[in-house]
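Accompanying notes for the structure given below.
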Amino acid sequence: QVRLAESGGGLVQAGGSLRLSCAASGRIESISDMGWYRQAPGKERELVARITSGGTATYVDSEKGRFTISRDNAKNTVYLQMNSLKPEDTATYYCNAQIFPLQGTYFVPYWGQGTQVTVSS
């Protein structure tokens, strides 16, 4: 069984920073891409950033320069450093990882339970 556990969300004032973490655990053979998505009330889930196993990062244009995604392959963990936060960044943030389970036959997308980020003005 595979599990993604997120942490680091919370309430912060506009202009502040938060660092989200997501650790994958369980029967894992390997992990390819990992990423962060977010979903605000009444809106669809959207990609924030993702990173390959080799460390190549991709960002949504509006987040470039404010958010930084990174990962520690030895810990099966992905991070999202969020700076200069704005009220419109308020959402539930979800971790996603493409995981090849032990004794599996292909990569499977897994999701975390979500962590709430609230930015006050």
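List of remarks:
- Of the chymotrypsin sites (Phe, Trp or Tyr not before Pro) found in the range 13-121, those in coil by DSSP whose Cβ has at most 14 other Cβ atoms within 10 Å are Tyr106.
- For the chain, the share of accessible area belonging to carbon and sulfur comes to 47 percent (1.4 Å probe, ligands and nucleic acids excluded).
- When the Cα positions of Leu85, Gly55, Phe67 are compared along the charge dipole of the range 52-121, Gly55 comes out farthest toward the positive end, with charges on each C-beta of Lys, Arg, Asp and Glu.
- Averaging 1/r across all pairs of distinct Cα atoms in the range 55-121 and inverting the result yields a Kirkwood radius of 14.0 Å.
- Of Lys64, Lys86, the residue with the largest accessible area leads and the full order is Lys64, Lys86 (1.4 Å probe).
- Centroid-to-centroid separation of the range 37-59 and the range 1-29 [C-alpha atoms, Å]: 13 Å
- Alpha-carbon Debye profile of the range 1-53, log10 I(q)/I(0) at 0.29 Å⁻¹: -1.26
- For the range 32-94, the equivalent ellipsoid derived from the Cα gyration tensor has semi-axes of 21, 13, 10 Å, listed largest first.
- Å² per residue, accessible surface of the chain at 1.4 Å: 54 Å²
- Charge dipole (debye, nearest 20) of the chain; +1 at Cβ of Lys and Arg, -1 at Cβ of Asp and Glu: 160 debye
- Convex hull volume per residue, computed on the Cα atoms of the chain, equals 96 Å³.
The values are calculated or read from the model by the stated rules, or taken from the named source; none is laboratory data. All figures in this text were calculated on a predicted structure; none of them were measured in a lab. All Cβ positions, glycine included, derive from the backbone under ideal geometry; neighbour counts span all protein chains shown. Surface areas here come from the heavy atoms of the whole protein model, side chains and all, with no ligands, DNA or RNA. Shrake-Rupley method; radii C 1.70, N 1.55, O 1.52, S 1.80 Å.
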